[in-house]
Amino acid sequence: KLSLLCYLLCTGALVLSRDVDSGCEDSKPFGCGLKDKLDDVFGWNDDENENLTRSQIIEKIYSRILKTQLKEGDDDIDLVNVPGLFTTNFGIHMVDENNSELYHFLRQHVVFTYNNAFNTSLILIDLLEMERLGTLKLDDDSTAAAWKATLDSKSGNFAEGSAIFDFSGRIPVISPLGRFMGYKQPIPGGATMNKIWNAAPHFMKEAFYKHTETIISSRVLMGPNIDNTAVMFMAMTAMLENGDKRSAEYEMMLKEVTSFNAAAYRMERSAYQPFVNLNYDPLGVHSGEPDSRDIVDPRSYYCAHPFLMKKIKEAAEKGEDPDVRLAVSWLINQQEIIPDVMELILINANSIDIFVFTSFIRGITTLVLNGADILKEKKQTNFFTEGVQKEYIDSAEFLLWAVESNRINDHPDLISLYPQKYIGYDHLGQLLQWLRNYKDEDIAYDVIIKVRTMLITIVEDYWTKEILDAMVVEEDSQEAYCDGLLGNYAGKSWGEDRLCCTSYYADALVTFWTVRDGKNGLKWLENTPSKVKTVAAYSGNYVARVALDKNTSLQAIMYSIDDNTIDDQPYIWPVNVHEYLNKTAVEPHNQNLVDIDLINLSWNVQGTIEDAKYQEMLKQKWFRKETPQEFQGFNDNDNSNNFPYFYSEGLTLSHAALLLSHLEILDSQ
C-alpha cells in the first residue's frame, strides 16, 4: 500500500506539472486544466452540437470514439499497446477520512491511460451492431486496424493444443511484480496483477526489468481467460453477420484463427468440477495425482457452497453421483502449470465470476448457431462437445440460482469483478434479442433451448425490475438516468459515471424486451411493460442531450476489485488446502500471517465440504485471525483502502451510440 501510495504521489506531481493550470479552481468532472484540452483532443464545440438529429449525434459520437484509438507514432505504443487498439483507463480513487487536498487531487487526476484488446473487442461489437442496423457507416481503415490489432495480440494462441486465446497480450509478468508493486499476496483470479502491469508507466516497467532476471510470458503464468475468449467469439460472429461489408476482416479472421477445437479442449480441461475426484482412483488416468479441477478460490467456494449442497441433495434423490461443471475466470489447470513454473505462478486456483458466465454463454451460443459456417470452413465441427455443453448449461443454472437467491447482490465483492453489472446486462440482452428469433425446431441442441428459457426468466423476472428501480425518472424534462458506483454509492460520490450507467442500463431494457425483425429491424415484444418503453425513451433523451457535452464525464467502473488487504477480505478463509506450491504443508491456525510466504502460498478449497463442517470452519481462527464475513462496500470501508477500477472512454461512447441506434430503429418502424 505504501509503495503504491508513494508512486501515486510521484505521479500526482508529474500530472500537476504537466496538466493542471496553476491556481485553477474548477469543479467540473474532468478537473482543473484537463477540461481545457478537450476541444483539442475531441474537437468539441458546444455551438455545433445544438439541434442535431439522433442520427447526427450518433455520427459525432463515433468520430470521438475514433479519437481514443491508438495510431502509429503515439507515445503509448509498446509491446502490448499496438496501433489500432482503443485505450483503456485505469483509475484509483482514494479514501481519506480527512479529505485532504492531496487525496482530493489524486482522486481527480491520477488516471493511467492504457488499452487492451478486450475493450477493443467490446467496442467493435457495438460498432458492428450499429453497422448491421444501418445507423452508422464505419470507417474501413479504423475498423480493419482495430480488428488486426485484436487478432495480433493473440497470435500463436490458437494453435492446436496450445493455450489459445490470451487477450491480455504477451505481457511479461512474474510474481516479483507483486512485491515490486507493494502487494503482499497475489489476488486470487490474477486479474489485478495483469491490469496493474498494463497500467504501469514506462519508468516503472523499466525498473521492474532491471530487478528481474527471468521474464516469462503471461500466456504461461496468467493463462488465457474465458471471458475474453468468449468476447472474441462474439466479435467473430458479428464480423460474419456484416460479411458483405467486412469481407476483408472476415478473411483475416479465418487466416489467424486456426483451432476452435483447442478452445473447446481448454474450456473442458479448466472447468471447475468440484466432484471430479469423488470416486478418484489413484491407479487410473491421473498418474497418481488427483485432478485439480475441483480446486477453487475460497471466496468463490463460499458463494457456490449452497448451490453445491443443493446439487448433492438432488443427485442423492436420484441415486446418482453429483456432477457440476462451471465456467471459470482462467483457462488454466493447476496440474499442468504448477510443475513447470512453481514459485513464478501468479494464479494457483481458479475463481468463479458470475458475469464471466454471461460472456461465456453469449459467446458459445453465437458461435454455435451463428458461426456454424466458420466452424465448418475450419473443420472444427467438434467444438460443442458434451463437456462444453455440460459446462454451458450448468453455468446458466448457477447464474439463475445466484439471481433468484439474491446471492449475486448479497456478495458483489466475491461473485464478480464486474460490480456494476454492465457486462452481464449487455451480454444477456443482446444475446436474447437475437436468440428469441429461433424456433425450437431450428436449434439443434436442447441445452441451448433450456438455457434460453433460464435467461428469459433472469431478465424479465429480476433484472428488469432491478434496472427500473435504479433509474431516476424526471417527468418534467422527460429524461431518465442512473448513477453507478462512482456517482452515488452508499451516499457518497467519487466521480461521474452517469452517462455510462444510463447507456448500459437503458440499452439493457431495450434488448431485454425487443427482438430482431428482419435483417436490420427491431420490434418490441407484445408483453413489454409500458414503463420499460417510457424509461428507455426518456434515457435516450438524456443521452442525446449530454453525450456531446464537453463537461460530461466518460468514466465508469467496468471491472474492479474491492482492494482490501488479506486481513479483511471476506471469506478468504476457510480452506482445506494450505500448502506452498512445492507441496510443503503450512499449519493454518497457530502462525501469524507475517511469518508466511504469501506469494507462494496455495490457500484453496478442494472438492466440497459437508455443510455442518463448513459452518464450523467459518468460526475457526485462521492464522490467528477471525474469518472476515462482512463486506464493507466498494470504496466505503473503515480501512481507507484504495479502490482501483478500469473503464474505457470509447466503450462508454459506443454504448451511448448503440442505445440511440436501437431507439432510432424502433421509432422508425
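Based on the Cα coordinates of the range 380-434, what is the per residue volume of their convex hull in Å³? Numbers along the way, then the final one.
Values: hull volume 6.1 nm³, N = 55.
For the range 380-434, the hull spanned by Cα atoms encloses 111 Å³ per residue.
Rg(Cα) of the range 371-494 divided by 2.2 N^0.38 Å? Before the final figure, lay out each step's value.
Numbers: Rg = 18.3 Å, N = 124, 2.2 N^0.38 = 13.7 Å.
Ratio of Rg to 2.2 N^0.38 Å for the range 371-494: 1.33.
In Å, what Kirkwood hydrodynamic radius results for the range 402-465 from the alpha-carbon pair distances? Intermediate values should be presented prior to the final figure.
Working: mean 1/r = 0.0768 Å⁻¹.
When all Cα pairs of the range 402-465 are included, the Kirkwood radius is 13.0 Å.
Treating the Cα atoms of the range 590-631 as identical point scatterers in vacuum, please give the log10 of the normalised Debye intensity I(q)/I(0) at q = 0.17, 0.24 Å⁻¹, two decimals.
Computed log10 I(q)/I(0) values: -0.62, -1.05.
Divide the volume of the convex hull of the Cα atoms of the range 515-613 by its number of residues and quote the answer in cubic angstrom per residue. Let's see the in-between values first.
Details: hull volume 31.8 nm³, N = 99.
In the range 515-613, the Cα hull volume divided by residue count equals 321 Å³.
How big is the range 471-534 by Rg and Dmax over its Cα atoms, in Å?
14.6, 45
Give K310/K421; K390/K450; K137/K255 a once-over and call out the pairs whose C-alpha atoms are over 23 Å from each other.
Working: K310/K421 26 Å; K390/K450 12 Å; K137/K255 25 Å.
In this structure, K310/K421; K137/K255 lie more than 23 Å apart at Cα.
How do 120-126, 601-607 rank on mean C-beta neighbours within 10 Å, highest first?
Values: 120-126: 25.3, 601-607: 21.9.
Highest-to-lowest ranking by the protection proxy: 120-126, 601-607.
On a C-alpha basis, how far is the centre of the range 567-586 from the centre of the range 502-524 in Å? Whole number, if you could?
46 Å
Relative to the present Cα-Cα distance, how much length would full extension add between D611 and S247 at 0.36 nm per residue of separation?
125.5 nm
Which order do peptides 572-580, 456-464, 264-272 fall in by mean Cβ count within 10 Å, highest first?
On the way: 572-580: 20.3, 456-464: 17.9, 264-272: 21.9.
The peptides rank, most packed first, as 264-272, 572-580, 456-464.
In terms of modelled amide H atoms, which long-range or inter-chain residues lie less than 5 Å from the amide H of K523?
Hits under the 5 Å cutoff: V515, D517.
I need the peptides 533-545, 366-378, 311-323 ranked by packing, meaning the mean over residues of other C-beta atoms within 10 angstrom, with the highest value on top.
Numbers: 533-545: 21.6, 366-378: 17.9, 311-323: 12.4.
In descending order of packing, they fall as 533-545, 366-378, 311-323.
Values quoted throughout were computed directly from the atomic coordinates according to the rules given, and no laboratory measurement underlies them. These numbers were taken from a predicted model, which means no experiment stands behind them. Because the Cβ atoms are built from the backbone with ideal geometry, glycine has one as well, and the counts that use them run over all protein chains shown.
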